[in-house]
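*Asks:* Provided herewith is a single structure, encoded as structure tokens, for subsequent inquiry.
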Amino acid sequence: MKYLVMVQGTQADYESMSGKPSAQSPAWSEKDMQAMFAFMGAINNDLAESGELVDAQGLTEPAKTRTVTAGKDGRPVITDGPYGETKEVLAGYWVLDCESLERVTEIAARVAQCPAPEGSTEYPVVIRPIQDAAGGEC
């Protein structure tokens, strides 16, 4: 069974990781960044070793994204950023092939323990089953 495991963040979080603090997030130091990358690297290595890792990627900051919708006249409407009603966006993801929802929940719980500077916003780790190619439930 395949699952999409997602982590969230905001533009302010990306800026704080570049050393620019905000009201929502303190500035990250080089040591903080190294700890996060080491933590995520260890998770990725373990998942690759177990055969559960299909894909994993971090995403660029929201300021570098676009949203495209269909306009009333059929022409595309392009706006900056992925923003909807909320400022939280998908910051990264894993596609995992796990035996059960319980197993992927264990992995998500580990991801949720990622180190961050004190005072940083804590976001949930979201698990979504991926529908199989036949269109049925996973």
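The values are calculated or read from the model by the stated rules, or taken from the named source; none is laboratory data. This is a predicted model, so every value here is computed, not measured. Here the Cβ positions follow ideal geometry from the backbone for every residue, glycine too, while neighbour counts run over all protein chains shown. What goes into the accessible areas is simple: the full protein's heavy atoms, side chains included, and nothing from ligands, DNA or RNA. Shrake-Rupley method; radii C 1.70, N 1.55, O 1.52, S 1.80 Å.
*Asks:* If you take the beta carbon distance between Lys2 and Ala70 as r and set R0 to 41 Å, what does 1/(1 + (r/R0)^6) give as a FRET efficiency, to the nearest 0.05?
*Replies:* 0.90
*Asks:* If each of Val54 and Ser29 carries a label point 7 Å out from its Cα toward its Cβ, how far apart are those two points in nm?
*Replies:* Modelled inter-label distance: 4.0 nm.
*Asks:* What accessible surface, in Å², does a 1.4 Å probe find on Thr60, ignoring ligands, DNA and RNA and rounding to the nearest 10?
*Replies:* Only protein atoms counted, so the area is about 90 Å².
*Asks:* Next question. When the scattering of the chain is computed by the Debye formula from its Cα atoms alone, each counted once and equally, what is log10 I(q)/I(0) at q = 0.09, 0.13 Å⁻¹?
*Replies:* Log10 of I(q)/I(0), two decimals: -0.34, -0.67.
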